[in-house]
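Below you'll find the structure, written out as structure tokens, and then a few comments.
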Amino acid sequence: MIDIIINSASAILMGAGSVFILIGALGLVRLPDFYTRMHAAGVTDTLGAELLLLGMMLQAGLSLVTLKLVLIALFIFFTSPTSTHAVANAARVMGLRLVSIPEDDLTSKEKN
Amino acid sequence: MFNIIGLGISLTCFWLSMSGHYTTFVLSLGAASVLFVVYLTRRMDFFDQDTFQFSIKCKHFGYWIWLGKEIFNANIAVAKVILSPKLKISPRMIEFKSSQKTELGLVIFANSITLTPGTVSVDIEDDKVIVHALNAELAEGVLNGEMDKKVTALEGL
Amino acid sequence: MLIAATVALLIAMALTLFRAVAGPSLFDRVLSANSFGTKIVLLIGLLGFLTERPEFLDIALLYALVNFVGTIAILKFFRYRNLGLSSDEIANREDN
């Protein structure tokens, strides 16, 4: 009985994770410029990956495998904002143009 | 010296939990790699720099649960934007004056902003965080200052 | 469900690869490469479950580490044209 509950819970988590990963990848293709695509990649990195890994953890039960999955999940959780910030900051410093931002938000340097 | 022994012990525990094979040969390889890593960290003068102390308290778990909820809501919002046929985006670039006093607090705040989809901290100038948001609604999530208050509350250890 | 997740992941990887090839700016490509790396980590984990060889997870863990360091290294190279700069030298350049 417990087996069935755990298995279906893991299937639901993995299904939801896959859906979010697909949405993130779709956003990466559909959105118009770099700065907005960044947000789509965030969907994949946070909820998509974590839900999929959580589903795999339920499938593995309590063992070394779960420990490794927890480590992977933590590592992705901590590094994905850092690398997103690094890419975004590099794009801003090198002056990549921003698309469709209201005029008031831009500093004088970026308007040129 | 205490740091080196501590590093060696934690590396050994990490190796033992990752390996899963406990024959004499594999164990000796593990011991060799632990010693090598300790030697390398010594060579890099890692121990001369300031080490920073951290402790995990109950309020951190509270913050993580709140952050998880925020991340979930923001994910749904961004997913709706991506799936909407006409792409209802109106990107904003906003500046937010944060109230954290320590560098660590500012790092936690900026990383929390980036971790919530739809808002990415693009730059930090002194105590101003510059945030790119996918639309005005998601930008409001930073501008209302709730996250800022919660991170500042975490600081006072 | 494992197979369905693998198929979804492969489709997502194809879309990401499209952005990496088409992406007009360098940053689009770096972003896609980073996102692709995350998906590869997940795919290796799933493959480990599908083939019932949990050793695959060690590779996934390692790939997650390399992916992060790789992204930072690419960005550092394109910003400073030099991978060996120390933090003091970078601070010097920022001041100039």
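If the requirement is being more than 7 Å from chain A (Cβ to nearest Cβ) and not aliphatic (A, V, I, L, M), which of these qualifies: C:Phe36, C:Phe49?
The conditions single out C:Phe36.
Take the stretch B:112-138 and flag every residue that is crowded, with 20+ Cβ neighbours inside 10 Å and at the interface with another protein chain (Cβ under 7 Å from one of its Cβ atoms). Lay out the reasoning, then the answer.
Just the residues of the stretch B:112-138 that are crowded, with 20+ Cβ neighbours inside 10 Å, to begin with: B:112-122, B:129-134, B:138.
Passing the criteria: B:Thr114, B:Leu115, B:Pro117, B:Gly118, B:Val120, B:Ser121, B:Val122, B:His132, B:Leu134.
Read through the list (1) assigned to a helix (DSSP H, G or I); (2) open to solvent by less than 60 Å² (accessible area, probe 1.4 Å), then give the number of the only condition that C:Arg93 fails.
Unmet for C:Arg93, out of (1) assigned to a helix (DSSP H, G or I); (2) open to solvent by less than 60 Å² (accessible area, probe 1.4 Å): (2).
Name the single residue that is nearest to the other protein chains (Cβ to nearest Cβ) among those in the stretch C:77-90 being assigned to a helix (DSSP H, G or I), open to solvent by 70 Å² or more (accessible area, probe 1.4 Å) and not basic (Lys, Arg).
C:Phe78
Consider only pairs whose beta carbons are under 8 Å apart and that are at least six residues apart or on different chains; among these, list those whose first residue lies in the stretch C:43-60 and is in contact (Cβ under 8 Å) with a residue 12 or more places away in the chain and whose second residue is open to solvent by less than 60 Å² (accessible area, probe 1.4 Å) and aromatic (Phe, Trp, Tyr).
Pairs found: C:Ile44/C:Phe56; C:Gly45/C:Phe56; C:Leu47/C:Phe56; C:Gly48/C:Phe56.
C:Leu9 is checked against (1) surrounded by fewer than 16 Cβ atoms within 10 Å (Cβ to Cβ); (2) of a type outside the set (Val, Ile, Thr); (3) in a helix (DSSP H, G or I) and fails just one. What number does that condition carry?
(1)
Take the residues of the stretch A:40-64 that are more than 16 Å from C:Leu43 (Cβ to Cβ) and surrounded by fewer than 24 Cβ atoms within 10 Å (Cβ to Cβ): which is nearest to the other protein chains (Cβ to nearest Cβ)? Before you say what the answer is, go through the steps one by one.
Filtering the stretch A:40-64 for residues more than 16 Å from C:Leu43 (Cβ to Cβ) gives A:40-43, A:46-47, A:54, A:57-58, A:60-64.
Pick out the ones that are also surrounded by fewer than 24 Cβ atoms within 10 Å (Cβ to Cβ) and you get A:54, A:57-58, A:60-64.
Details: A:Leu54: 11, A:Met57: 10, A:Leu58: 11, A:Ala60: 8, A:Gly61: 11, A:Leu62: 13, A:Ser63: 8, A:Leu64: 5 Å.
So the residue we want is A:Leu64.
Being within 19 Å of A:Ile23 (Cα to Cα) and among the β-branched types (Val, Ile, Thr) is the filter; apply it to the stretch C:22-61 and report the residue that is surrounded by the fewest Cβ atoms within 10 Å (Cβ to Cβ).
Checked the stretch C:22-61; the qualifying residue surrounded by the fewest Cβ atoms within 10 Å (Cβ to Cβ) is C:Ile40.
Does A:Ala9 meet the test of being assigned to a helix (DSSP H, G or I), within 28 Å of B:Val129 (Cβ to Cβ) and in contact with a Leu (Cβ under 7 Å, 6 or more places away or on another chain)?
In short, no.
Tell me, yes or no, whether the stretch C:68-76 has at least one residue that is assigned to a helix (DSSP H, G or I), under 19 Å from A:Leu51 (Cα atoms), facing another protein chain (nearest Cβ under 10 Å) and hydroxyl-bearing (Ser, Thr, Tyr).
No, the stretch C:68-76 contains no residue that is assigned to a helix (DSSP H, G or I), under 19 Å from A:Leu51 (Cα atoms), facing another protein chain (nearest Cβ under 10 Å) and hydroxyl-bearing (Ser, Thr, Tyr).
The values are calculated or read from the model by the stated rules, or taken from the named source; none is laboratory data. Quantities reported herein were computed from a predicted structural model and do not represent experimental measurements. Note that we place each Cβ from the backbone using ideal geometry, even for glycine, and neighbour counts take in every protein chain shown. Calculation scope for accessible area: heavy atoms of the full protein, side chains included, ligands and nucleic acids excluded. Shrake-Rupley method; radii C 1.70, N 1.55, O 1.52, S 1.80 Å.
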